[in-house]
Amino acid sequence: MRILIVDDHPVVVTGCRALFTSDPSVEILEASDAKDGHRAYLQKHPDVTVVDVTLPDLTGFELSRRIRRDDPAAKIVMFSVSEDPACHSACNIDPL
């Protein structure tokens with residue numbers, strides 16, 4: 001399985017990578033912004049893409065729209081550590 005992680009925080013990427021280190025069948029791909037994430041998606045065709053809502057160049061929402069435009073079957077997981085209620089509303093999630 002190939003997983004693309006798009007996040008600009010190295011600690012988050014390291015944590016995500018650590019979740020899968022025990023499974024040799026998982027390949028982790030990384031990108032630190034939406035532009036590189038989109039390019040990596042098109043070149044590597046990951047099975048799952050994990051996208052931070054807040055990226056330095058575009059929002060994770062816009063990156064997801066672009067990926068889904070190119071591949072309507074793309075599997076995308078979005079996450080955020082934001083406590084901003086506007087983000088919760090846009091993500092359609094309940095804050096903890």
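A short reminder: the numbers here are calculations on the coordinates, not readings from a lab. From a predicted model like this one, the values you see are computed outputs, not experimental measurements. With ideal geometry, Cβ positions are generated from the backbone for all residues, glycine too; neighbour counts draw on all protein chains shown.
Below are the figures for this structure:
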quantity: Radius 12 Å from Cβ of residue 61, net charge of other residues (Lys, Arg +1; Asp, Glu -1); calculated: +1
quantity: Ellipsoid semi-axes in whole angstrom, largest first, where each is sqrt(5λ) of the Cα gyration tensor of the stretch 2-91; calculated: 20, 17, 11
quantity: Net charge contributed by nearby residues that have their C-beta within less than 11 Å of residue 34 (K/R +1, D/E -1); calculated: -3
quantity: Under 12 Å, Cβ to Cβ, from residue 77 - net charge with Lys/Arg +1 and Asp/Glu -1; calculated: -2
quantity: Assigned charges on the beta-carbon of Lys, Arg, Asp, Glu; the stretch 2-91 dipole about Cα centre (debye); calculated: 360
quantity: Dipole of the stretch 2-91, positive end: most advanced residue of 80, 15, 26 [Cβ charges, Cα centre]; calculated: 26
quantity: Added length on full extension, which subtracts the Cα-Cα distance from 0.36 nm per residue, residue 69 to residue 19; calculated: 15.1 nm
quantity: Exposure proxy ranking, count of Cβ atoms within 10 Å, fewest first, for 51, 26; calculated: 26, 51
quantity: Amide H within-cut-off set for residue 5, under 5 Å, with H built and near neighbours excluded; calculated: 29, 30, 31, 50
